[in-house]
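**Q** The structure under discussion is supplied below as structure tokens; questions concerning it will follow.
The values are calculated or read from the model by the stated rules, or taken from the named source; none is laboratory data. Small disclaimer: the values here were computed from a predicted structure and weren't measured. All Cβ positions, glycine included, derive from the backbone under ideal geometry; neighbour counts span all protein chains shown.
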Amino acid sequence: MKGAVSPTIERMAIHTSFIQKLPFAEQRYRHYLPLFPTAIQQFDLSAFDLVITSNHCVAKGVQVPPTALHVCYCYTPMRYIWGLYDDYFSKDRAGLVTRAGMKVFLNYLRKWDVRTAANPQHFIAISDHIRRRIGDIYHRTADVIYPPVKTSLFHLSFGNDGYFLIVSAFVPYKRIDLAIEAFNRIGERLVIIGDGPDAARLRKIARGNVEFHGWQPDEMLKEYYARCKALIFPGEEDFGIVPVEAMASGKPVIAFAVGGALETVIQTPHLKTGILFKEQTVDSLVGAIERLGKENFDPEALRAHALTFDREVYKRRMHEYLEHKWADFKAHPAKH
């Protein structure tokens, strides 16, 4: 879909699979999930010496010639079929036909996902959390290179307008419903930036102190970050770029204490970048919001921490990693 990726990518020659031509593919692509393995394996990469797959679903299953080096940058093993299956295909989330179809194909997709984990010579995980998941599901080791965050887009702010902020797609595992229920109880102002399939349900349960502003352009988004009191991050994320964006603006984060948030929301004697809550319950989140008022956060320290995840750091680490793996591959092709 035009506009879905950056102008840099859109200027390239883009080759799509047969799924692109199927009815309603842009809006309901997840309905074609059982066809994804076949689609990815039909791409011809025989002319390439180095293949870097960007994988959260099936990209690592692409067929690569034995003379090529295949490095997989993995956001997560396919979340639809592993830990978050119920978040997408429970009775509350999917219709009868979709649930029945997934039950038929689930075992096939899981076997295919594990089998094709042997394809890449190397895995890079976006976080230590995902490194462990790759080990548990694929039985592969992985190195960690955090994804790039455009910290230069955001500016340091020392004040706030008293509201809390969420920036998120409206999908089940983000748990925006939990945040809305918490703010319904305490009556504080909550501003939500984003949109998605859960929009109608979330608007229906929200009270007047909860505001929905839709997706915003970068210039507006950075001002929402700059003027907020803190970011609310109630879901389990593989890494979580949004908390780093908030910290780049000098703002603390209230996050669920699992996944990638444990690697960005720091609570040590020398550095504190936010508050962690241990259970995905209204009581636990409300308790964290109340604790925020008892803490002092240094906006400059928050931004300095965010800069360690800057895109230039990512580019340097990725370049060094690929150079090293390529040199090793050329020097010892037999062991690959």
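**Q** How many residues does region 116-136 hold that are surrounded by 21 or more Cβ atoms within 10 Å (Cβ to Cβ) and either polar (S, T, N, Q) or assigned by TED's automatic domain parsing to the domain that holds ASN296 (or both)?
**A** The number of residues fulfilling the criteria is 2.
**Q** Right, next: For region 187-219, give me each residue that is part of a helix (DSSP H, G or I), within 29 Å of ARG28 (Cα to Cα) and free of Cβ contacts under 8 Å to residues at least 24 places away in the same chain.
**A** ALA200, ARG203, LYS204
**Q** Could you run through region 56-81 and say how many residues are under 23 Å from TYR173 (Cβ atoms), assigned to a loop (DSSP other than H, G, I, E, B) and not β-branched (Val, Ile, Thr)?
**A** 7
**Q** Determine whether region 173-186 contains at least one residue that is closer than 21 Å to LEU302 by Cβ, in contact (Cβ under 8 Å) with a residue 24 or more places away in the chain and assigned to a loop (DSSP other than H, G, I, E, B).
**A** So far as region 173-186 goes, no, none of its residues is closer than 21 Å to LEU302 by Cβ, in contact (Cβ under 8 Å) with a residue 24 or more places away in the chain and assigned to a loop (DSSP other than H, G, I, E, B).
**Q** Turning to a different aspect of this structure: Could you grab me the full set of residues in region 35-55 that are assigned to a loop (DSSP other than H, G, I, E, B) and either touching a residue at least 60 places away in the same chain (Cβ under 8 Å) or among the hydrophobic types (A, V, I, L, M, F, W, C) (or both)?
**A** PHE43, LEU45, ALA47, PHE48
**Q** Would you mind stating whether ALA246 is in the same structural domain as ASP161 (by TED's automatic domain parsing), part of a helix (DSSP H, G or I), free of Cβ contacts under 8 Å to residues at least 24 places away in the same chain and within 20 Å of GLY159 (Cα to Cα)? Before the answer, list the steps.
**A** Numbers: in the same structural domain as ASP161 (by TED's automatic domain parsing): yes; part of a helix (DSSP H, G or I): yes; free of Cβ contacts under 8 Å to residues at least 24 places away in the same chain: no; within 20 Å of GLY159 (Cα to Cα): yes.
Judged against the criteria, ALA246 is not a match.
**Q** Can you tell me which residue is farthest from the chain's Cα centre (by Cα) among those in region 116-130 that are closer than 11 Å to PHE239 by Cα and of a type outside the set (S, T, N, Q)?
**A** Among them, the one singled out is ASP128.
**Q** Could I ask something else about it? How do the pairs read when you match residues in region 6-34 that are closer than 25 Å to TYR80 by Cα and in the same structural domain as TYR80 (by TED's automatic domain parsing) with residues anywhere that are at pLDDT 85 or above and among the polar types (S, T, N, Q), using Cβ under 8 Å and keeping only pairs 6 or more apart or on different chains?
**A** From region 6-34, the pairs are SER17/GLN42; PHE18/GLN42.
**Q** Also: Say whether the condition of being in contact with a Lys or Arg (Cβ under 9 Å, 6 or more places away or on another chain) and either of a type outside the set (S, T, N, Q) or over 23 Å from ARG131 (Cβ atoms) (or both) is met by at least one residue in region 312-320.
**A** Step one: of region 312-320, the residues in contact with a Lys or Arg (Cβ under 9 Å, 6 or more places away or on another chain) are none.
Within region 312-320, not a single residue is in contact with a Lys or Arg (Cβ under 9 Å, 6 or more places away or on another chain) and either of a type outside the set (S, T, N, Q) or over 23 Å from ARG131 (Cβ atoms) (or both).
**Q** What pairs come out if I take residues in region 127-143 that are under 13 Å from VAL258 (Cα atoms) and pair them with residues that are polar (S, T, N, Q) whose C-beta lies under 6 Å away, six or more apart or interchain?
**A** ILE130/THR76
**Q** Where residues in region 49-91 are at pLDDT 80 or above and exposed (fewer than 15 other Cβ atoms within 10 Å of the Cβ), which of them is nearest to the chain's Cα centre (by Cα)?
**A** Filtering first and then ranking leaves SER54.
**Q** Within region 160-177, can you find the residues that are touching a Lys or Arg at 6+ places or on another chain (Cβ under 6 Å), under 16 Å from ALA206 (Cα atoms) and surrounded by fewer than 19 Cβ atoms within 10 Å (Cβ to Cβ)?
**A** Correct list: TYR163 only.
**Q** Related question: Residues in region 136-178 that are within 19 Å of the chain's Cα centre (by Cα) and of a type in the set (Gly, Ala, Ser): how many?
**A** 3
**Q** Same structure again: Consider HIS139 carefully, then state whether it is in the same structural domain as HIS70 (by TED's automatic domain parsing), buried (at least 18 other Cβ atoms within 10 Å of the Cβ) and at pLDDT 95 or above.
**A** no
Let's see how each residue does on (1) in contact with a His (Cβ under 6 Å, 6 or more places away or on another chain); (2) of a type in the set (S, T, N, Q); (3) at pLDDT below 95; (4) not assigned by TED's automatic domain parsing to the domain that holds VAL71:
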{"site": "SER284", "(1), (2), (3), (4)": "no, yes, no, yes"}
{"site": "LYS294", "(1), (2), (3), (4)": "no, no, yes, yes"}
{"site": "MET318", "(1), (2), (3), (4)": "no, no, no, no"}
{"site": "GLU323", "(1), (2), (3), (4)": "no, no, no, no"}
{"site": "ALA327", "(1), (2), (3), (4)": "no, no, no, no"}
{"site": "LYS330", "(1), (2), (3), (4)": "no, no, yes, no"}
